[in-house]
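Report on the structure given below.
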Amino acid sequence: MAPRRIGALTSKTRSILLNAAESLMRESGYAAVTSRRLAAKAGLKPQLVHYYFRTMDDLFLALFRRVAADFAQRQTAILKAREPLRALWDLTSDPKGVVLTYEFVALANHRKAIRAEIAEVGDRLRQGQAKILAHCLGDAAIGATRWSSVFSAVLLDSLARNLALESALGVSVGHEAARVAIGRFIREVDRSLRKKSKRRRSVRQTRRRGQ
């Protein structure tokens, strides 16, 4: 028996289905993403869902990979940001991203393939965060904590996501104090980075004039 045909990865219809799946997950949770509801949301026939995705697991994996790739791209660009620590905090604490992430985590409790994908991508993203923190904390004149870049990445990511998740649930006690403290820390680090960058530019300009 010949294998069933699958729609092209670059198809506009496939993209529409993924957009609809993401919208459903954000609005009603992963359990709302059924082939019928997805087709209705996308304004397409239900048969098209399984033309582009053999199973719903395949659809969820494709969606997670798309979301993760976008996040990774934005995270990589942070190293070139004027205020990298602020940019990293804003990215990891974005409520929309956090809510969607926890929907995937909930989904992973029931689907091993999703769990394995989250673990692999999570480790890769954490390494990228550690690289950003090494840049920030290694160059910044703060030195008091002596924390490793990986440990700092875990702390920052955990705090950012937890505050966003609790806010979505209506929990607020301690949030203002946490945001004030982390805001002060971020400003101190980014200010130090800007000063160091300014000194480097000044040194380069002086060297060029002396040539």
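The values are calculated or read from the model by the stated rules, or taken from the named source; none is laboratory data. Please read these numbers as outputs of a predicted model, since none were measured by experiment. Cβ atoms come from the backbone with ideal geometry, glycine included; neighbour counts cover every protein chain shown.
Given the conditions (1) without any contact (Cβ under 8 Å) to a residue 60 or more places away in the chain; (2) farther than 27 Å from Leu193 by Cα, report the number of the one that Gly128 does not fulfil.
Condition (2) is where Gly128 drops out.
Taking Leu63 as the residue in question, decide whether it is in contact with a Phe, Trp or Tyr (Cβ under 9 Å, 6 or more places away or on another chain) and in the same structural domain as Lys195 (by TED's automatic domain parsing).
On the way: in contact with a Phe, Trp or Tyr (Cβ under 9 Å, 6 or more places away or on another chain): yes; in the same structural domain as Lys195 (by TED's automatic domain parsing): no.
When the stated conditions are applied, Leu63 does not pass them.
With respect to Leu63, is the statement that it is assigned to a helix (DSSP H, G or I) and either more than 29 Å from Asn162 (Cα to Cα) or in contact with a Lys or Arg (Cβ under 7 Å, 6 or more places away or on another chain) (or both) true? Show your work before the answer.
On the way: assigned to a helix (DSSP H, G or I): yes; either more than 29 Å from Asn162 (Cα to Cα) or in contact with a Lys or Arg (Cβ under 7 Å, 6 or more places away or on another chain) (or both): no.
No; evaluated as a whole, the condition is false for this residue.
What about Ala134, is it farther than 25 Å from Leu165 by Cβ, touching a Ser or Thr at 6+ places or on another chain (Cβ under 6 Å), assigned to a helix (DSSP H, G or I) and not assigned by TED's automatic domain parsing to the domain that holds Thr13? Working first, answer last.
Details: farther than 25 Å from Leu165 by Cβ: yes; touching a Ser or Thr at 6+ places or on another chain (Cβ under 6 Å): yes; assigned to a helix (DSSP H, G or I): yes; not assigned by TED's automatic domain parsing to the domain that holds Thr13: yes.
Taking the combined requirement at face value, the residue satisfies it.
Any residue in the stretch 152-166 that is in contact with an Asp or Glu (Cβ under 9 Å, 6 or more places away or on another chain), more than 16 Å from Ala87 (Cβ to Cβ) and surrounded by fewer than 18 Cβ atoms within 10 Å (Cβ to Cβ)?
no
Is it the case that the stretch 46-59 has a residue that's on the phi > 0 side of the Ramachandran plot and either aromatic (Phe, Trp, Tyr) or outside the structural domain of Arg111 (by TED's automatic domain parsing) (or both)? First the steps, then the outcome.
Of the stretch 46-59, the ones on the phi > 0 side of the Ramachandran plot are none.
No, the stretch 46-59 contains no residue that is on the phi > 0 side of the Ramachandran plot and either aromatic (Phe, Trp, Tyr) or outside the structural domain of Arg111 (by TED's automatic domain parsing) (or both).
Listed here are the residues, each with its yes/no results for (1) at pLDDT 95 or above; (2) farther than 27 Å from Ser152 by Cβ; (3) not assigned by TED's automatic domain parsing to the domain that holds Ala153.
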| residue | (1), (2), (3) |
| --- | --- |
| Ala31 | no, yes, yes |
| Ala81 | no, no, no |
| Leu85 | no, no, no |
| Leu107 | no, yes, no |
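Among the residues of the stretch 80-123, count how many are aliphatic (A, V, I, L, M), over 21 Å from Ser23 (Cα atoms) and touching a helix residue (DSSP H, G or I) at 6+ places or on another chain (Cβ under 6 Å). Reasoning before the result, please.
Residues of the stretch 80-123 aliphatic (A, V, I, L, M): 81, 85, 87-88, 91, 98-100, 105-108, 113-114, 116, 118-119, 121.
Subset that is over 21 Å from Ser23 (Cα atoms): 81, 85, 87-88, 113, 116, 119, 121.
Now narrow it down to the ones that are touching a helix residue (DSSP H, G or I) at 6+ places or on another chain (Cβ under 6 Å): 81, 85, 87-88, 113, 121.
Residues meeting the conditions: 6.
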